[in-house]
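Q: A single structure is presented below for examination.
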Amino acid sequence: MKKRNFVILFFLAGLILLHCMPDRMPPAPVENTRPQFVQFAAEDSGAYAVGLRDPITMFFDEPMDLSTFPGNFTLESPKGVIPGSFSQQDSIVVFTPSQDMAPASYYTATIRGGVQDANGNSLTLDTEWSASAWFFSAGQYSENGFPRVFIADRSFDKLYLVGNFHEYLSESSEVIQPRGMAFSPDGQHLLVVSKQLNGQVSVLNPATFGKIQDAAVGSGPEEIAVAADKLFVTDVTGRTISVLGVPGYAPLATISFQDGFSPRDIAYNPANNRVYVSNNVLNRPGTFKVLDANTFQELATLENLLSGRRTEKLQASTDGQWVVIQQEQTDLILLLDANTNQVADTIIIPVPQNKDMDIYDNQLYVGSSGGFLFKYDLNSRVLTATLTFPSRCDGVAVAPYGEILYATTPVDTLIHVVDIETLNLIRSAKVTASTIAKLVVSPENYTSP
């Protein structure tokens, strides 16, 4: 009996001791493998015309801890950071903006290594690691279509049409030796100077790319300037300026000069209603004429503004304060004060030679044969941005809304779409010839098949 009681007591003591011992069973394993970032969604990488509230989608290889994202993700442009919220479905994380993005802006979405999975594992311990994607937000350039771009090919008597933002669409042989191009004051007609012995300005419909009419001008026309009710065309061979009325393009006057002056490049300044003309005579490249746009009278003859080389282009600044003079085959750009007719300042581009330029909102964009596109603030004359191309940049044209610009690089037969603010490249497209040069952008948008 005593032996039996002893066994029972021993058994009970064992149970008590077992209950008091710590649990020595191994715990459930905790996953300690770092998550992997796979990619941004395709529509968030290098896209254009992106909606101002479109979400940003990120793919991982496992579910993530959303609370770790606010300090490790940014969506920003030069105009600022966009706030928003995060959501998740399986291993897909979506950032949804809580306010509109700025229109026509170059945005960068960046994810950093501090984001963690559901088990607290970060992508990496490398504090410098990040992955990013860029896109260009929608703007006026993408409302109801896109602008059309017309490119002159002087060697093969052709015009090329680019639409749908960056697609080569077609070509036309209706204009012989195309030179200067512009749009009519109402934006409904593309005007192309045809450099023939019997000179013409060809009037085209930008929607159909078909010719409407030819308007006769002087011999060997080169460039064109457009005022509110008339056109001015320089006749290099005839050494005159032809003036055509708008609308209708009937001849109004022929301006001639008695001192051997031969008109070359031309610009109209609406701020003072004056026309500025450079000289084509090789031994007098620094001579310029200033004309009244209504009476066609000569207001001033400016001497010795340039030496050695003639002009590449003339253009009035947006506010009309300056007439910007670009000298061909050099690095020199002059700023002529439109009130005093005196050279107020100069700009020397870092890499010559001058090939083309355009102005929008007093920002100057210069293409050079060195393969560069330069952006200058005309008010301060400061170089604010540079874009490098693989070959020379022969043509530059800002779209009328001032959101994008187009540039040509003939050696590689490309036309490029560029963000006007940052000079970031958005798209490039092939054109069929290596002799493309100057271009013009339509003031209206079009839908193209």
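Q: Setting aside same-chain residues fewer than 8 positions from LYS313, which lysines have a Cα under 24 Å from its Cα?
A: Correct list for LYS313: LYS158, LYS195, LYS230, LYS289, LYS355, LYS375, LYS438.
Q: Apply the Karplus curve 6.51 cos²θ - 1.76 cosθ + 1.60, θ = phi - 60°, to the phi angles in segment 325-339 and return the couplings in whole Hz, x for Gly and Pro.
A: 10, 9, 8, 5, 6, 9, 10, 9, 10, 9, 10, 8, 5, 6, 8
Q: Okay, next question. Could you work out the local net charge near VAL396, counting Lys and Arg as +1, Asp and Glu as -1, over the other residues with Cβ closer than 13 Å to its Cβ?
A: +1
Q: With +1 assigned to the C-beta of every Lys and Arg and -1 to the C-beta of every Asp and Glu, and no other charges, what is the dipole magnitude of the chain about the Cα centre in debye, to the nearest 20?
A: 820
Q: If you don't mind, another one. Please compute the net charge surrounding SER45, taking Lys and Arg as +1 and Asp and Glu as -1 over other residues with Cβ under 14 Å from its Cβ. Could you put the intermediate results ahead of the total?
A: Numbers: positive: ARG427; negative: GLU43, ASP44, ASP54.
Summing Lys/Arg as +1 and Asp/Glu as -1 gives -2.
Q: Out of residues 5 or more away from GLN177 or on other chains, whose amide H comes under 5 Å of its own, with H placed 1.01 Å from N in the peptide plane?
A: Close amide H contacts, sequence-distant or interchain: ASP157.
Q: From zero up to wherever the largest Cα-Cα distance of segment 163-304 sits, split into 10 Å bins and tell me the percent of pairs in each.
A: Per 10 Å bin, starting at zero, the Cα-Cα P(r) for segment 163-304 comes out as 12, 43, 31, 12, 2 percent.
Q: Is the shape of segment 225-278 rounded, prolate or oblate, going by the alpha carbon gyration tensor and its root eigenvalues a ≥ b ≥ c, with a/c under 1.5 for rounded and a/b larger than b/c for prolate?
A: Oblate shape, in that a/c is at least 1.5 and b/c is the bigger or equal ratio.
Q: Same structure again: Using DSSP to define loop residues, name the GluC sites (Glu not before Pro) in segment 103-200 whose beta-carbon has at most 13 other beta-carbon atoms within 10 Å.
A: Passing both the DSSP loop test and the Cβ count: GLU128, GLU143.
Q: Which ³J(HN,Hα) values, rounded to whole Hz and listed in residue order, are derived for segment 63-76 from phi using the Karplus coefficients 6.51, -1.76 and 1.60 in 6.51 cos²θ - 1.76 cosθ + 1.60 with θ = phi - 60°, glycine and proline given as x?
A: Once rounded to whole Hz, the list reads x, 10, 8, 5, 5, 8, 7, x, x, 10, 9, 9, 10, 8.
Q: Using modelled backbone amide H atoms (1.01 Å from N, in-plane), which distant-in-sequence or interchain residues come within less than 5 Å of ASP319's amide H?
A: Amide H neighbours of ASP319, under 5 Å, 5+ apart: ASN362.
Q: Looking only at segment 101-144, which residues have a backbone nitrogen under 16 Å from a spot 7 Å from the Cα of THR318 in the C-beta direction?
A: Only 103-105, 140-141 fall inside the zone, counting backbone N under 16 Å.
Q: Sum -39500 (n - 2.57) across every DSSP H segment of at least 4 residues in the chain, then divide by the residue count to get the 222 nm mean residue ellipticity, nearest 500.
A: The helix contribution divided over the chain gives -1500 deg cm²/dmol.
Q: Once the mean 1/r over all distinct Cα pairs of segment 366-449 is inverted, what Kirkwood radius in angstroms do you read off?
A: 13.3
Q: Given the options VAL277, VAL94, VAL243, state which has the largest fluctuation in a GNM of the chain using a 10 Å cut-off (strictly under) for Cα springs.
A: Result: VAL94 has the largest fluctuation of those listed.
Q: Could you work out the mean projected area of the convex hull around the alpha carbons of segment 37-137, in square nanometres to one decimal?
A: For segment 37-137, averaging the hull's shadow over all directions gives 5.9 nm².
Q: Between ALA216 and ASN32, what FRET efficiency follows from the Cβ-Cβ distance if R0 is 51 Å, with the result rounded to 0.05?
A: E between ALA216 and ASN32, to the nearest 0.05, is 0.05.
Q: OK, next. Which ³J(HN,Hα) values in Hz, rounded to whole numbers, follow from the phi angles of segment 178-193 under the Karplus curve 6.51 cos²θ - 1.76 cosθ + 1.60, where θ = phi - 60° and Gly and Pro get x?
A: Rounded to whole hertz, the list is x, 10, x, 10, 7, 10, 4, x, 8, x, 8, 10, 8, 10, 10, 6.
Q: Given that just one value was derived from the coordinates, which of (1) 44, 26, 19; (2) 68, 22, 17; (3) 39, 28, 18 is semi-axes √(5λ) of the Cα gyration tensor in Å?
A: Looking at semi-axes √(5λ) of the Cα gyration tensor in Å for this model, the match is (2).
Q: Any idea what the alpha-carbon Rg over 2.2 N^0.38 Å comes to for segment 323-422?
A: So segment 323-422 has a normalised radius of gyration of 1.03.
Q: Work out, step by step, the length gained on full extension between SER428 and ALA250: first 0.36 nm times the residue separation, then minus their alpha carbon distance; give nm to one decimal.
A: Extra length from SER428 to ALA250 when fully extended: 60.2 nm.
Q: Given the options ILE325, VAL411, LEU244, identify the residue whose Cα lies farthest towards the positive end of the charge dipole of the chain (+1 on Cβ of Lys, Arg; -1 on Cβ of Asp, Glu).
A: Among ILE325, VAL411, LEU244, the one farthest towards the positive end of the dipole of the chain is VAL411.
Q: Also, I was wondering about something else. Say each of GLU171 and LEU282 gets a label point 7 Å from the Cα, pointing the same way as Cα to Cβ; how far apart are those two points in nm?
A: 3.2
Q: Additional query: Can you check what the net charge comes to around ASN354, using other residues whose Cβ is under 10 Å from the Cβ of ASN354 (Lys, Arg +1; Asp, Glu -1)?
A: -1
Readers should treat all values here as calculations from the given coordinates under stated rules, not as data from a laboratory. Computed from a predicted model, the values in this text were never measured in an experiment. Every residue, glycine among them, receives a Cβ derived from its backbone with ideal geometry; neighbour counts consider all protein chains shown.
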